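J.: Can you keep this structure in mind? I'll have questions shortly.
The values are calculated or read from the model by the stated rules, or taken from the named source; none is laboratory data. Small disclaimer: the values here were computed from a predicted structure and weren't measured. Virtual Cβ from ideal backbone geometry, glycine too; neighbours counted across all protein chains shown. Accessible surface areas use protein heavy atoms only, side chains included; no ligands, DNA or RNA. Shrake-Rupley method; radii C 1.70, N 1.55, O 1.52, S 1.80 Å.
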Amino acid sequence: EEFKQAETSAGYAKPMSAEYQAKQAALVAEHIKKQDIVITTALIPGRPAPRLVSAEMVDSLKPGSVLVDLAVERGGNVEGARPGEVVVTPGGVKIIGHLNVPGRLAASASSLYARNLFAFVETLVDKKEKTLAPNWEDELVKATLLTKDGAVVHPSFQPQPA
């Protein structure tokens, strides 16, 4: 029942009871030790970030596992996270505490999208002749082809019978 009241009408998290937090911590502890990467994002407006991942939970992770604390600027969800740093624990777990992650993503996301688009378009070109030469049988071409020779060819865009 308390879970249903876990957020405000604006969609922000609200502080939960100590009993609820203990149950949640036990559940998280069981799941976290099986993961290779964990990303935490919990923030409560006007308060420090809630501590969701304890040092014991961090220690339960396999060497090479990664924790990304997106709330590090407000105190962090992960014990041991440091703002602006990547911490490697003695057990070989990385705790990433980058500042302003949204500001870091725009350039990376744009670059990744551009590389993906280039890689797709590159498959449509005959490099030797330097002409457009799509392979109409290619799986990716088939999946993205909407029209061909004046006709709608993609099944999802076929006119529906009346």
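J.: From the residues in the stretch 43-88 that are aliphatic (A, V, I, L, M) and in a loop (DSSP other than H, G, I, E, B), which one is farthest from Lys33 (Cα to Cα)? I'd like the intermediate steps shown before the answer.
T.: As a first pass, look at the stretch 43-88 and keep what is aliphatic (A, V, I, L, M): 43-44, 49, 52-53, 55, 57-58, 61, 66-68, 70-72, 78, 81, 86-88.
Those still in the list that are in a loop (DSSP other than H, G, I, E, B) too: 43-44, 49, 52, 61, 70-71, 81.
Details: Leu43: 23, Ile44: 25, Ala49: 22, Leu52: 14, Leu61: 5, Leu70: 19, Ala71: 21, Ala81: 17 Å.
Only one residue tops the list, namely Ile44.
J.: Looking at the stretch 68-80, which of its residues are open to solvent by less than 20 Å² (accessible area, probe 1.4 Å) and more than 14 Å from Asn100 (Cβ to Cβ)? If you could, list the steps in order and put the result at the bottom.
T.: Our first condition is that a residue be open to solvent by less than 20 Å² (accessible area, probe 1.4 Å); within the stretch 68-80, this holds for 69, 71-72, 76-78.
The answer is Gly76, Asn77, Val78.
J.: Taking the condition of a type in the set (Ser, Thr, Tyr) and either surrounded by fewer than 16 Cβ atoms within 10 Å (Cβ to Cβ) or over 21 Å from the mean Cα position of the chain (by Cα) (or both), does Thr89 pass? Outline the logic, then answer.
T.: Details: of a type in the set (Ser, Thr, Tyr): yes; either surrounded by fewer than 16 Cβ atoms within 10 Å (Cβ to Cβ) or over 21 Å from the mean Cα position of the chain (by Cα) (or both): yes.
Criteria met by Thr89.
J.: Continuing with this model, one more query. Do you know which residues across the stretch 36-56 are farther than 18 Å from Tyr20 by Cα and not hydroxyl-bearing (Ser, Thr, Tyr)?
T.: Listed by number, the residues that qualify are Asp36, Ile37, Val38, Ile39, Pro45, Gly46, Arg47, Pro48, Ala55, Glu56.
J.: Any residue at all in the stretch 28-40 that is modelled with pLDDT under 90, among the hydrophobic types (A, V, I, L, M, F, W, C) and within 16 Å of the chain's Cα centre (by Cα)? Let's see the steps before the verdict.
T.: Taking the stretch 28-40 as the starting set, the residues that turn out to be modelled with pLDDT under 90 are 28.
So of that shortlist, the ones also among the hydrophobic types (A, V, I, L, M, F, W, C) come out as 28.
If we keep only those that are within 16 Å of the chain's Cα centre (by Cα) too, we end up with none.
No, the conditions are met nowhere in the stretch 28-40.
J.: When you go through Ala81, Ala106 one by one, which is the residue that is at pLDDT below 95 and among the aliphatic types (A, V, I, L, M)?
T.: Numbers: Ala81 fails: at pLDDT below 95.
After ruling out the rest, the residue left standing is Ala106.
J.: While we're here: List the residue pairs whose Cβ atoms are under 9 Å apart, where the first residue sits in the stretch 141-162 and is closer than 23 Å to Thr123 by Cβ and part of a helix (DSSP H, G or I), the second is modelled with pLDDT of 85 or more and open to solvent by 90 Å² or more (accessible area, probe 1.4 Å), and the two are 6 or more positions apart or on different chains.
T.: The qualifying pairs are Lys142/Trp136.
J.: May I pose another question? Identify, please: which residue in the stretch 33-67 is of a type in the set (Val, Ile, Thr) and buried (at least 21 other Cβ atoms within 10 Å of the Cβ) and is, among those, nearest to Lys14 (Cα to Cα)? Spell out the reasoning first.
T.: Residues of the stretch 33-67 of a type in the set (Val, Ile, Thr): 37-41, 44, 53, 58, 66.
The next check asks that each one be buried (at least 21 other Cβ atoms within 10 Å of the Cβ); those that pass are 38, 40, 53, 58.
Numbers: Val38: 22, Thr40: 16, Val53: 18, Val58: 25 Å.
Going through the qualifying residues, I end up with Thr40.
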